[in-house]
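All remarks here apply to the structure that follows.
The values are calculated or read from the model by the stated rules, or taken from the named source; none is laboratory data. Because the structure is predicted, anything quoted here is derived from the model rather than measured. Ideal geometry is used to build each Cβ from the backbone, glycine not excepted, and the neighbour counts take in all protein chains shown.
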Amino acid sequence: MVTIGMLWLPILIATVLVFVASNLVWMVLPHHKSDTRPLPDEPAAIDVLARQGVKPGVYRFPWARSMAEMKDPAYLEKLKGPVGFVTVTPSRPFAMGKAMAGWIAYLVVMGVFVAYVTSRTLGADAPYLQVFRVAGTVAILAYSAAHVPDAIWWGKPWRNVATEVLDGVVYGLLTAGSFAGFWPR
């Protein structure tokens, strides 16, 4: 039987590989450069939100309190203007170190889940391609599948989701290679 304790090396190698790959994807490759755009009149938009005292959170506009209100002609009229979601974060500089630490913790947790499923599916001495297949399937799902509901429910552009899913496939393949290469034999 393969234990999670026996899989710390591939968990940590996968964490490092995915961390490096994700930094390359976001800082070097061009496919995420157009994921966000500036507002047409950013100063005016910021001023309006500040005057309303908007606190950190996710806001939907127009807002309806119930399904019945969504049928109201006044609400339906609001749908002719801009419709969307706004995520407001705390008013301070972005904490890159905190975000990187959170990302690393997330990668380790995903590695543990990949280790758990793969170790319960395959025994020691499993062939490289079998380990690659199982670990890769779990890792690709872990890094990719959660992005799709963002487009379905939250209006995120499908192009953005597609690039995030593609990134997740790369991260999953790197994780699969780590587990297959360092599987207990």
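Laid out as a table, the results:
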quantity: Check on V138, closer than 23 Å to V108 by Cα, modelled with pLDDT of 95 or more and surrounded by fewer than 21 Cβ atoms within 10 Å (Cβ to Cβ); calculated: no
quantity: Failed condition for T87, given (1) loosely packed, with under 12 Cβ neighbours inside 10 Å; (2) part of a helix (DSSP H, G or I); (3) β-branched (V, I, T); calculated: (2)
quantity: Qualifying residue in region 5-28 (condition: loosely packed, with under 13 Cβ neighbours inside 10 Å, more than 24 Å from the chain's Cα centre (by Cα), more than 27 Å from G97 (Cα to Cα) and of a type in the set (A, V, I, L, M, F, W, C)); calculated: no
quantity: Condition check for A45: among the small types (G, A, S) and part of a helix (DSSP H, G or I); calculated: yes
quantity: Test for P43: is it farther than 30 Å from D167 by Cα, modelled with pLDDT of 95 or more and of a type outside the set (A, V, I, L, M, F, W, C); calculated: yes
quantity: Hits in region 101-133 - residues which are without any contact (Cβ under 8 Å) to a residue 40 or more places away in the chain and either of a type in the set (A, V, I, L, M) or in a strand (DSSP E or B) (or both); calculated: A101, A105, V109, V117
